[in-house]
1. For the stretch 257-308, taking Cα atoms only, what is the radius of gyration to one decimal and the Dmax to the nearest whole Å?
2. Roughly to the nearest percent, how much of the accessible area of the stretch 66-170 is carbon and sulfur, given a 1.4 Å probe?
3. How high is the FRET efficiency from D334 to N233, r the C-beta distance, R0 41 Å, rounded to 0.05?
4. At what distance in nm do the modelled label points of D327 and R153 sit from each other, each positioned 7 Å from its Cα along Cα→Cβ?
5. Using the heavy atoms of the protein chains and a 1.4 angstrom probe, tell me the accessible area per residue for the stretch 284-354 in square angstrom.
6. Past the 18 Å Cα-Cα mark, which pairs from K124/K303; K118/K305; K19/K118; K4/K89; K285/K331?
7. Just the accessible area per residue of the stretch 1-131, please: how many Å² with a 1.4 Å probe?
8. If you stretched the chain out fully between D215 and K4, how much longer would it get, using 0.36 nm times the residue separation minus the C-alpha to C-alpha distance?
Amino acid sequence: MFRKLSFTSSQEKREEYRKNPIYRIVYTPLWRQRGDDLSPVEVWIEGNNLAASLKDYEKNDCRIRVQEAFEDLCYRYSCFVNNDNEEIKRSFAQSEHSAMMVSLVAFLLLANVYPEAKGHPHLKTCQAITDVISNISGYKQLYEETRKEEDEREEHGEFIAVADFIEEIATQEEPLLPAQVEFACKRLEEFVKENKYCNLTTMVDNERMISRVNDANNHCFDNQLELLRAEINTVRENMSGSSQDSRINEQIDEMLARAIENCQQYFWGNSSYAVVFCICRDDLKMKLNMTAFERKVEALPYKNKRDFKCPKGTISNAFSDNLIYKDHVDKWDDFNPTPRIIKLRNELRRELKL
């Protein structure tokens with residue numbers, strides 16, 4: 001569900017965004033396709049946020065990440081809520097078109113951070129975006145008009161500097177009127193029920209989105225948010241190794257493997273896995289002993305080669321050398337540990353969306 005911007009909010013934002021050279025290039029092509037779709041300002045906000053969420057996934061399986069993000073966008077745009085609080089159901093073709101426009105803006109922002117393909121930090125992500133949106137109706141026209149607009153501006157001496165213009169834009173939700181709260185609560189209850197069928201990553205993303213809306217509306221969605229958080233905690237608690245829900249365990253194993261792979265640059269040796277163990281123990285509520293954890297780590301579905309392994313005895317030896325691991329990870333800062341321990345803890349949490 002996507003809440004449309006009010007005219008006043010849109011007017012205020014476009015004055016600011018007009019300073020960005022990429023926004024000036026895409027504005028007119030987006031305006032021509034707006035119809036009953038997202039406005040250019042809305043596409044720009046959504047495109048920036050999409051680019052910000054994808055820019056750190058180059059080392060991960062970015063193709064799957066882009067496809068998942070596109071599916072999430074299609075779902076998000078399957079229903080618009082206008083300024084009169086009317087819910088407007090949209091066809092799949094309409095929601096797909098909205099997601100395509102947002103994805104193209106994300107592509108342009110990511111592509112602009114480096115002057116050429118060789119050595120480009122987001123090359124794989126940009127290629128994945130193109131693969132997803134290139135056959136969607138309206139893409140070819142939108143892309144060609146955007147390039148034409150860029151060429152015309154260059155003829156008049158306006159060039160886009162190679163730079164990272166990506167900015168994660170917080171959605172400023174306008175407080176709901178009292179009469180709208182009941183309607184919104186019912187819709188959120190439905191959303192929470194639907195969310196149970198999402199994977200863990202999507203559930204966490206949804207929780208953050210609802211939390212933002214809740215904060216902007218005097219915490220009127222506290223009950224719905226608690227239901228969603230309870231469901232997330234249930235999923236995490238099921239990590240204990242139980243075979244009752246193998247699908248959930250597979251998702252968590254996949255997330256943990258990707259996090260370990262993407263954080264290898266912050267590892268200093270095999271003993272680094274003690275930090276992983278503590279994150280799993282305290283944040284993910286895993287109920288495995290040290291030996292079982294070591295076996296689990298070595299059996300995870302890795303896709304890339306790791307610099308360090310976790311053989312038998314790794315965790316117990318690390319605990320003997322550093323007593324900080326016996327405390328909850330949230331308390332580590334109080335003991336002034338070596339910076340690398342805190343850095344690895346923070347990066348693992350970021351990768352796991354904790």
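1. Expressed in Å, the Cα Rg and Dmax of the stretch 257-308 come to 10.6, 27.
2. The C+S portion of the solvent-accessible surface of the stretch 66-170 is 49 percent.
3. Step by step, r from the Cβ atoms, then E = 0.95.
4. 5.2 nm
5. 61 Å²
6. K118/K305; K19/K118
7. Working: 6040 Å² over 131 residues.
Here the residues of the stretch 1-131 average 46 Å² of exposed surface.
8. Contour length minus Cα-Cα distance gives 74.1 nm.
The values are calculated or read from the model by the stated rules, or taken from the named source; none is laboratory data. Since this is a predicted model, take the numbers as computed values, not measurements. Neighbour counts run over all protein chains shown; Cβ positions are idealised from the backbone, glycine included. Protein only, heavy atoms only, side chains kept; ligands, DNA and RNA dropped before computing areas. Shrake-Rupley method; radii C 1.70, N 1.55, O 1.52, S 1.80 Å.
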